Amino acid sequence: MQTRDEDLLKFRLGQNIYAVAHVYQGNTYLQVREYKINPYGNMYPTKTGIAMLSSRFAILHKHLVQITKAAIDVRRGKPDANIDVHLGGGFRVRVSYPHIVVQMRKYYLPDGTKKEQPTKFGITLTFKQWAKLTEAVEKCKALIPAFKDAKPCYEGPDHPADCQECNP
C-alpha cells in the first residue's frame, strides 16, 4: 500500500483539465481537476474538480458505458437520453439534454425541497474530454491495485442501511 503522497498516473483531458491518480495520506484517489500555472511556470491543481476514493471510482467505472451512450445520444439531439449516476457523498455524473457536456459535480438538497441543486464543487467536461477520461479510468483500473480491486461501498459485507456515502 502506498503511504507517500504522490501522483501515480496523470492524463491530460484537454485544455487545462487532467485526471490524476494520486496517493494522499495513504488513500488512492482519482482526481479530475482543472490545473493552472503559477508565476514560476509550475502547474498546480485548483479547487475546480472532484476527487474520488476507490469506492466512487468503482461506481464511475461500472457506469462508463451507460454515461458514454447517454452523452452520444444527447449529442445526436435525443431529448430523452439523460443519465444521472450517484457516485457517493452527494457527487453525481449527469448528462442531460440539451446540455452537450458531462457534469461531475456535488449536489445538495436544500431544506424544504425535493429537488437537488448543484454546488460549486465539481467540473464540466466536453464529450471529447469525457472520452479521454474513460480511457484514463480504464488504464487506472488495469494498473493501480487500489482501483483494480475497488468495489462500491454498497457491495461491502457490512453495509449499513443509513450509510452516509450512499445517503448523504
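What follows draws every value from the coordinates through simple rules; no lab data is involved. The model shown is predicted, which means the values in this text are computed figures rather than measured ones. Methodologically, a virtual Cβ is constructed for each residue, glycine included, from the backbone with ideal geometry; neighbour enumeration extends over all protein chains shown.
Name the most mobile residue of ASP73, ASP149, ASP158, meaning the one with the largest mean-square fluctuation, in a Gaussian network model of the chain with Cα contacts below 10 Å.
ASP158
Compare PRO152, PRO39, PRO110 in a GNM of the chain, Cα atoms joined below 10 Å, and give the one with the largest fluctuation.
Ranking PRO152, PRO39, PRO110 by mean-square fluctuation puts PRO39 first.
I'm checking a number: the convex hull volume of the Cα atoms of the chain, normalised per residue, in Å³. What is it? Can you show the working numbers first?
On the way: hull volume 23.5 nm³, N = 168.
Spread over its residues, the Cα hull of the chain gives 140 Å³ apiece.
Would you mind putting 77-84, 96-103 in packing order, based on average other-beta-carbon counts within 10 Å, highest first?
Values: 77-84: 13.0, 96-103: 15.1.
Final packing ranking: 96-103, 77-84.
Which chymotrypsin sites (Phe, Trp or Tyr not before Pro) in segment 1-77 pass both tests, a DSSP loop state and at most 15 other beta-carbon atoms within 10 Å? Before the final figure, lay out the partial values.
Details: sites: PHE11, TYR18, TYR24, TYR29, TYR35, TYR40, PHE57; in loops: TYR40.
For chymotrypsin sites (Phe, Trp or Tyr not before Pro) across segment 1-77 that sit outside H, G, I, E and B with at most 15 neighbouring Cβ atoms in 10 Å, the list reads TYR40.
Could you pull out every Cys in the chain that lacks a partner Cys with its beta carbon under 4.7 Å away?
Cysteines of the chain left without a disulfide-compatible partner: CYS140, CYS153.
Tell me, what is the FRET efficiency for HIS63 and GLU6 to the nearest 0.05, using R0 = 45 angstrom and their Cβ-Cβ distance as r? Before the final figure, lay out the partial values.
Values: r = 28 Å, r/R0 = 0.62.
According to the calculation, E is roughly 0.95.
Could you give log10 I(q)/I(0) at q = 0.16, 0.19, 0.20, 0.22 Å⁻¹ for segment 1-92, computed by the Debye formula over C-alpha point scatterers of equal weight, without solvent?
Results for segment 1-92 at q = 0.16, 0.19, 0.20, 0.22 Å⁻¹ read -0.79, -1.01, -1.07, -1.18.
Return the subset of LYS10/LYS148; LYS120/LYS141; LYS10/LYS139 for which the Cα-Cα distance in this structure is over 20 Å, preserving the input order.
Numbers: LYS10/LYS148 17 Å; LYS120/LYS141 28 Å; LYS10/LYS139 11 Å.
Over 20 Å apart, Cα to Cα: LYS120/LYS141.
Under a Cβ-Cβ cut-off of 9 Å, what is the net charge of the residues other than HIS22 that fall near it, where Lys and Arg count +1 and Asp and Glu count -1?
Net of charged neighbours comes to -2.
Can you work out ³J(HN,Hα) from phi for every residue in segment 98-110, in order, using Karplus 6.51 cos²θ - 1.76 cosθ + 1.60 and θ = phi - 60°, giving whole Hz and x for Gly and Pro?
Once rounded to whole Hz, the list reads x, 6, 8, 8, 10, 9, 10, 8, 8, 10, 9, 10, x.
Mind checking which lysines have their C-alpha under 21 Å from LYS78, skipping anything on the same chain fewer than 8 residues away?
LYS69, LYS128
Let me check I've understood the local charge: for ARG94, count other residues with C-beta under 9 angstrom from its C-beta, Lys and Arg +1, Asp and Glu -1. What total comes out? Don't jump to the answer; show the numbers that get you there.
Working: positive: ARG92, ARG105; negative: ASP84.
It works out to a net charge of +1.
Under a plain spin-label model, where a point goes 7 Å from the Cα along Cα-to-Cβ, how far apart in nm are TYR154 and LYS120?
It is 3.1 nm.
From the phi of every residue in segment 64-72, what ³J(HN,Hα) in whole Hz does the Karplus formula 6.51 cos²θ - 1.76 cosθ + 1.60 yield, where θ is phi - 60° and glycine or proline is x?
3, 5, 5, 5, 5, 4, 4, 4, 5
Would you list which aspartates and glutamates come within 14 Å of LYS62, measuring only between C-alpha atoms, while excluding same-chain residues fewer than 8 positions from it?
The qualifying aspartates and glutamates are ASP84, GLU135, GLU138, ASP149, GLU155.
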